[in-house]
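Chemist: Here it is: the structure, laid out below.
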Amino acid sequence: MNTHTEAQQTTLVTVDVHTMGRTFDETEIDRWELKAARRALMNLKNVAGGQVMMDLLAEQIDAGDRYYKELVAASGGTFRESRTEFTVRGLSGTDLANWFAAQAGTGRFQDKSLLVNAHPEHYVEPPTYTGGMVETIGGHLTRFKVSVARELPAAVSAFLDASYPVTLMNALLSLDDATPFAYCLHQARDTETGANVVVRVVYPSAAPDSMIEGHCEHLAIEFRSWIRNAAAAAR
C-alpha cells in the first residue's frame, strides 16, 4: 500500500483568500462563484435566447418528448407528486398569490426574465408558445406548454390540501403534440409572520424516484426565486 498516496487522498485541503484588505474563507468564495455563474447564465440566455436556443437544443428536446410519452403510456392515468414546502416570513400567502396572478395568471409570465432566470436549467420559453418552458426534468430536456387548469382530473385534484386555502396556480403541462404529462398544484396559507407554501408537480406514476427527488430540488430553487421576486414587488 502506498501510504503517501493514501495520505494525500484523505487530507482535507482548505483555502483562505487574502484580497481587498480582508481575509475570506471558502464559504465566501462559493458565494462569489455562484454569483458569477448566475451572471454568466443570464448573459448566455440573453444572447442565445428564443429560436436560437431551441435550435441548439433540438435533438435533446426531441429525445425528451419521446421519453415523456413513454412515461405517460406506462402510467395508465395514475400519478405521483414532487412536493416542496416553504415557511415564508415577511410575505403573506395572499400577497404571493396576488403576485402570481399578476405575473402568470394566463399561464405565461409577463416578465419573461423572471421565468427564465428563476432556475439555471430554465433554458428558454418556446417562442411559438403562449406559455411554456424548456427545462431539465429527471435528466431529460423537456419542452412543455403551460395552460391554466380550471378543471383537474380526480386523480390529480386528490393531491390538493384543503388546509392551504390560497391557490397560487393550478396548471396543465402538455407536450408539443398536446399530450398532457404533468400538473402544477401550488397552494399557500397566511400565517402570523408570513405564509406556509406548498408547491407540487404531479407526474405520471411511472416517473422514477430520481426524477421526483430531482424536481423537489428544482421547485425549491425556482420558488425561492419567485418568493423573493414577489417580496421585492411588495416593498
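Chemist: Somewhere in the stretch 178-186, is a residue closer than 26 Å to V52 by Cβ, at pLDDT below 95 and in a strand (DSSP E or B)?
Modeler: Yes, some residue in the stretch 178-186 is closer than 26 Å to V52 by Cβ, at pLDDT below 95 and in a strand (DSSP E or B).
Chemist: Which of the residues spanning the stretch 122-151 are surrounded by fewer than 17 Cβ atoms within 10 Å (Cβ to Cβ) and out of contact with any helix residue (DSSP H, G or I) (no Cβ under 6 Å at 6 or more places or on another chain)?
Modeler: T128, T130, G139, V148, R150, E151
Chemist: Please pick out the residue among I227, I221 that is in a helix (DSSP H, G or I) and crowded, with 17+ Cβ neighbours inside 10 Å.
Modeler: Going through I227, I221 in turn, just one is in a helix (DSSP H, G or I) and crowded, with 17+ Cβ neighbours inside 10 Å: I227.
Chemist: Take L172 and decide whether it is within 18 Å of R150 (Cβ to Cβ) and among the aliphatic types (A, V, I, L, M).
Modeler: The answer is yes for L172.
Chemist: Suppose we keep only residues that are part of a helix (DSSP H, G or I) and hydrophobic (A, V, I, L, M, F, W, C) within the stretch 205-218. Which one would you say is nearest to F100 (Cα to Cα)?
Modeler: Looking at the filtered set, the residue picked out is C216.
Chemist: Determine if the stretch 97-108 includes at least one residue that is among the polar types (S, T, N, Q) and under 19 Å from the mean Cα position of the chain (by Cα).
Modeler: Yes, the stretch 97-108 contains a residue that is among the polar types (S, T, N, Q) and under 19 Å from the mean Cα position of the chain (by Cα).
Chemist: Just the residues that are of a type in the set (V, I, T) and either part of a helix (DSSP H, G or I) or under 19 Å from the mean Cα position of the chain (by Cα) (or both), please, taken from the stretch 164-177.
Modeler: T167
Chemist: Where in the stretch 7-92 are the helices (runs of 4 or more DSSP H), entirely inside, with at least 3 residues that are in contact with a Lys or Arg (Cβ under 8 Å, 6 or more places away or on another chain) and under 26 Å from P180 (Cα atoms)?
Modeler: Output list reads 58-75.
Chemist: Taking the stretch 190-204, which residues are surrounded by 20 or more Cβ atoms within 10 Å (Cβ to Cβ) and either in a loop (DSSP other than H, G, I, E, B) or of a type in the set (S, T, Y) (or both)?
Modeler: Y203
Chemist: Right, something else. Take the residues of the stretch 88-102 that are in contact (Cβ under 8 Å) with a residue 24 or more places away in the chain and polar (S, T, N, Q): which is farthest from R228 (Cα to Cα)?
Modeler: This residue is T94.
Chemist: Right, next: For the stretch 80-87, check the following and say yes or no: at least one residue is surrounded by 16 or more Cβ atoms within 10 Å (Cβ to Cβ) and modelled with pLDDT under 95.
Modeler: No, every residue in the stretch 80-87 fails to be surrounded by 16 or more Cβ atoms within 10 Å (Cβ to Cβ) and modelled with pLDDT under 95.
The values are calculated or read from the model by the stated rules, or taken from the named source; none is laboratory data. Fair warning: this is a prediction, and the values are worked out from it, not measured in the lab. Neighbour counts run over all protein chains shown; Cβ positions are idealised from the backbone, glycine included.
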